[in-house]
Amino acid sequence: MKKVAVLLLALFLLLGLSSALAEGEYEYRVNEDGTLELTEYTGGEAVVVVPSQIDGRTVTCIGHGTFTWNDTVTSITLPDTVTAIGWEAFHDCRALTEVVLPDSLISIGDGAFSYCMSLKSITLPDSVTSIGVHPFHVSDNLTEIVVSPDHPALEVVDGVLFDKIGKRLVCCLPMPDNSIYVVPEDVRVIGGRAFSSCGNLTSIILPEGLTDIGDFAFGGCSALRSIKLPENLVTIGEYAFDDCDSLTSITIPDGVTTIGRMAFYGCDVLKTITIPDSAVNIGVNPFVDCMALTEIVVSDGHPVLAVRDGVVFDKTEKKLISYPMAREGVYYVIPQGILAIGDSAFEKNVTLECIVIPDSVKAIGEYAFSECEALRSMVIPEGVESIGFALFVYSPLLRSVTVPASVTYMDDSVFENCDVLESIIVHPGSYAEQWCRENGVTYTHPDANDWLYN
């Protein structure tokens with residue numbers, strides 16, 4: 001029996017997956033070097049002092065989600081053996097008011113203390129040299145991040161935390177009303193979610209040397225009205241200006257090569273935008289939920305993009321990327337020759353009642369017609385093979401959809417919350433017919449004499 005136990009322990013160590021309960025309060029994983037990474041706190045104490053050893057092994061890491069959603073803990077002290085805090089390790093610990101970090105700590109992961117709504121102050125020891133995406137995201141009562149003047153990697157200036165090694169603005173604490181902020185000249189990167197707690201920020205001045213704006217960098221800056229992007233900028237991250245619903249205009253400079261997925265999502269008053277020829281890497285529809293957007297300008301010489309009748313296409317892949325939400329008309333015919341409708345291409349459009357898809361289209365992306373509140377019917381042409389995830393989700397007026405026999409994949413969520421959808425027209429023996437049966441969806445077959453559907 002003893003030999004079996006030894007063999008099992010060796011196997012767990014080899015796989016790095018050993019977990020157990022220790023003292024009835026912690027689950028853990030054994031690392032390759034024999035140290036422990038805590039994976040879950042199961043105790044119920046308000047004041048927690050994490051032990052330096054459990055079952056004779058040294059605790060070196062507070063892993064991802066170890067204390068996540070704990071609404072009891074008010075104070076946490078980490079031992080001087082801990083070198084790493086994983087991403088979202090203390091996420092949503094809403095009662096947490098005090099954190100004592102050891103001088104052994106080297107790295108703090110993304111969002112490690114996000115949504116810690118009672119946390120007002122935290123001290124980062126000099127040993128920390130690696131810090132992830134906004135560790136204090138939506139910790140809206142945090143008013144003080146303490147860093148020593150001699151810290152080798154970090155610096156705090158006027159409530160803003162900087163990574164000196166990476167020349168990155170890590171995060172900004174909440175600002176007073178009508179705030180204007182000037183980013184220091186030596187900053188090269190605005191980190192992910194850096195200004196996500198700055199809902200009162202109205203204007204920001206970026207340095208000319210800035211090259212990268214991270215994912216969600218200005219997400220939720222609902223008062224932001226003015227921002228000038230510098231000429232050296234290369235990358236605009238995913239959802240970078242998410243819900244900047246006071247931003248009236250923005251100029252993307254020549255030199256930007258990447259515009260991330262839904263970069264301007266929810267910029268409600270943005271009316272026009274120009275995409276430079278340098279921007280060749282365009283993520284999923286950057287302009288979803290830009291309710292006032294009437295015009296997307298692209299030059300005739302752009303190497304990748306083209307605009308036809310106000311709609312943006314990837315001309316190399318013959319894919320429809322973005323339909324401006326405030327474009328006039330309730331009826332749109334996609335040009336013949338287009339091969340694909342991109343993810344979220346029409347998402348949240350509230351005016352289009354009819355969209356005609358040509359038979360050249362072979363693929364329809366995820367969320368392509370999601371939340372199209374006025375859309376009433378859709379005929380998907382023969383030749384389409386794949387229908388993406390959540391295609392028509394929350395399209396409340398959709399009544400009829402014709403799905404061709406060529407379709408070989410439909411996600412379960414395609415018609416979710418399409419409350420008045422009366423029927424789906426499918427061909428006998430098709431994949432779509434089988435899908436309807438398995439998902440309890442009412443379907444009909446096309447009229448045998450109707451040449452349009454047969």
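The values are calculated or read from the model by the stated rules, or taken from the named source; none is laboratory data. Values in this document were obtained by computation on a predicted structure and should not be read as measured data. Note: ideal-geometry Cβ built from the backbone for every residue, glycine included; neighbour counts use all protein chains shown. What goes into the accessible areas is simple: the full protein's heavy atoms, side chains included, and nothing from ligands, DNA or RNA. Shrake-Rupley method; radii C 1.70, N 1.55, O 1.52, S 1.80 Å.
What to note about this one:
- Tally of residues being within 15 Å of residue 134 (Cα to Cα), assigned to a loop (DSSP other than H, G, I, E, B) and not aromatic (Phe, Trp, Tyr) across the stretch 187-204: 7
- Filter result for residue 88 (under 11 Å from residue 135 (Cβ atoms) and either surrounded by fewer than 23 Cβ atoms within 10 Å (Cβ to Cβ) or among the charged types (D, E, K, R) (or both)): yes
- Count of the stretch 343-361 residues which are more than 15 Å from residue 396 (Cα to Cα), open to solvent by 20 Å² or more (accessible area, probe 1.4 Å) and modelled with pLDDT of 90 or more: 2
- Among the criteria (1) under 18 Å from residue 119 (Cα atoms); (2) open to solvent by 20 Å² or more (accessible area, probe 1.4 Å), the one residue 73 does not fulfil is (2).
- Among the residues of the stretch 366-388, just one is modelled with pLDDT under 90, closer than 16 Å to residue 347 by Cβ and either assigned to a loop (DSSP other than H, G, I, E, B) or in contact with a Cys (Cβ under 8 Å, 6 or more places away or on another chain) (or both), namely 388.
- Residues of the stretch 319-342 that are open to solvent by 50 Å² or more (accessible area, probe 1.4 Å) and of a type outside the set (D, E, K, R): 330, 331, 333, 336, 339.
- Residue match in the stretch 102-117 (condition: at pLDDT below 95 and of a type in the set (D, E, K, R)): no
- Within the stretch 378-397, residues that are acidic (Asp, Glu) sit with their Cβ atoms under 9 Å from residues that are at pLDDT below 90 and part of a strand (DSSP E or B), at 6+ positions apart or across chains, in these pairs: 385/409.
- Applying a threshold of 6 Å to beta carbon distances and a minimum spacing of six or more residues, or different chains, the list of pairs starting in the stretch 288-312 at a residue that is farther than 19 Å from residue 344 by Cβ and ending at one that is acidic (Asp, Glu) and open to solvent by 60 Å² or more (accessible area, probe 1.4 Å) reads 299/277; 302/277.
- Those residues of the stretch 107-144 which are surrounded by fewer than 21 Cβ atoms within 10 Å (Cβ to Cβ) and aromatic (Phe, Trp, Tyr), in sequence order: 115
- Qualifying positions in the stretch 173-192 - within 13 Å of residue 220 (Cα to Cα) and modelled with pLDDT of 95 or more: 192
- Among residues of the stretch 36-51 being surrounded by 15 or more Cβ atoms within 10 Å (Cβ to Cβ) and hydroxyl-bearing (Ser, Thr, Tyr), the one that is nearest to the chain's Cα centre (by Cα) is 39.
- Some residue of the stretch 386-396 being touching a strand residue (DSSP E or B) at 6+ places or on another chain (Cβ under 8 Å), surrounded by 18 or more Cβ atoms within 10 Å (Cβ to Cβ) and aromatic (Phe, Trp, Tyr): yes
- Lone qualifier among 184, 207, 176 - being open to solvent by less than 10 Å² (accessible area, probe 1.4 Å) and either assigned to a strand (DSSP E or B) or over 30 Å from residue 345 (Cβ atoms) (or both): 207
- Subset of the stretch 428-444 that is open to solvent by 30 Å² or more (accessible area, probe 1.4 Å) and of a type outside the set (Ser, Thr, Tyr) - its residue that is nearest to residue 372 (Cα to Cα): 441
- Filtered residues of the stretch 231-251 (kept if open to solvent by less than 50 Å² (accessible area, probe 1.4 Å) and either small (Gly, Ala, Ser) or touching a strand residue (DSSP E or B) at 6+ places or on another chain (Cβ under 6 Å) (or both)): 235, 236, 237, 240, 246
- Per-region count, the stretch 207-226, residues among the aliphatic types (A, V, I, L, M) and out of contact with any Ser or Thr (no Cβ under 7 Å at 6 or more places or on another chain): 2
- Single residue of the stretch 258-317 satisfying the filter (part of a loop (DSSP other than H, G, I, E, B) and polar (S, T, N, Q)) that is nearest to the chain's Cα centre (by Cα): 285
- A residue that is exposed (fewer than 15 other Cβ atoms within 10 Å of the Cβ) and at pLDDT 95 or above occurs nowhere in the stretch 193-202.
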